[in-house]
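Structure first, commentary second.
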Amino acid sequence: MKKVVLYSSNNCSHCDKAKAFLAQHNVTFRLCNVKTPAGQKELAKAGFRSIPVIKVADEYIVGYNEKQLKKLLALS
């Protein structure tokens, strides 16, 4: 399985949708809360300012895009 990281924060409806999608498809992922100093630094290092950002292997999805997620995760 590809390594997945979800950059998100509390009270973000699109982040919640992404979390639910990943859980529904039994995708193991690391949650990076961008409201923490470490999370902010990690998101900035990746070159992004908005959330959610989903990293799948070495590719990034900005925003919640179910179709693109399915493609990168090879889900049908």
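The values are calculated or read from the model by the stated rules, or taken from the named source; none is laboratory data. Please read all numbers here as calculations on a predicted model, not as lab measurements. Please note: Cβ atoms are built from the backbone with ideal geometry, for glycine as well, and neighbour counts cover all protein chains shown.
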> Looking only at region 43-69, which residues are under 18 Å from Lys2 (Cβ atoms) and part of a helix (DSSP H, G or I)?
Replying inline: Ala46, Glu66, Lys67, Gln68, Leu69
> Of all residues in region 24-42, which are among the aliphatic types (A, V, I, L, M) and within 21 Å of Leu73 (Cβ to Cβ)?
Replying inline: Val27, Leu31
>> Considering only region 22-32, I want to know if a residue exists there that is part of a loop (DSSP other than H, G, I, E, B), among the aromatic types (Phe, Trp, Tyr) and touching a residue at least 24 places away in the same chain (Cβ under 8 Å).
In response: yes
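Condition check ((1) at pLDDT below 95; (2) touching a strand residue (DSSP E or B) at 6+ places or on another chain (Cβ under 7 Å)) across all residues:
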| residue | (1), (2) |
| --- | --- |
| Cys15 | no, yes |
| Ala18 | no, yes |
| Ala23 | no, no |
| Ala38 | no, no |
| Asp58 | yes, no |
| Ser76 | yes, no |
> Quick one: in region 31-76, which of the residues that are small (Gly, Ala, Ser) and within 18 Å of Ala20 (Cα to Cα) is surrounded by the fewest Cβ atoms within 10 Å (Cβ to Cβ)?
Replying inline: Ser76
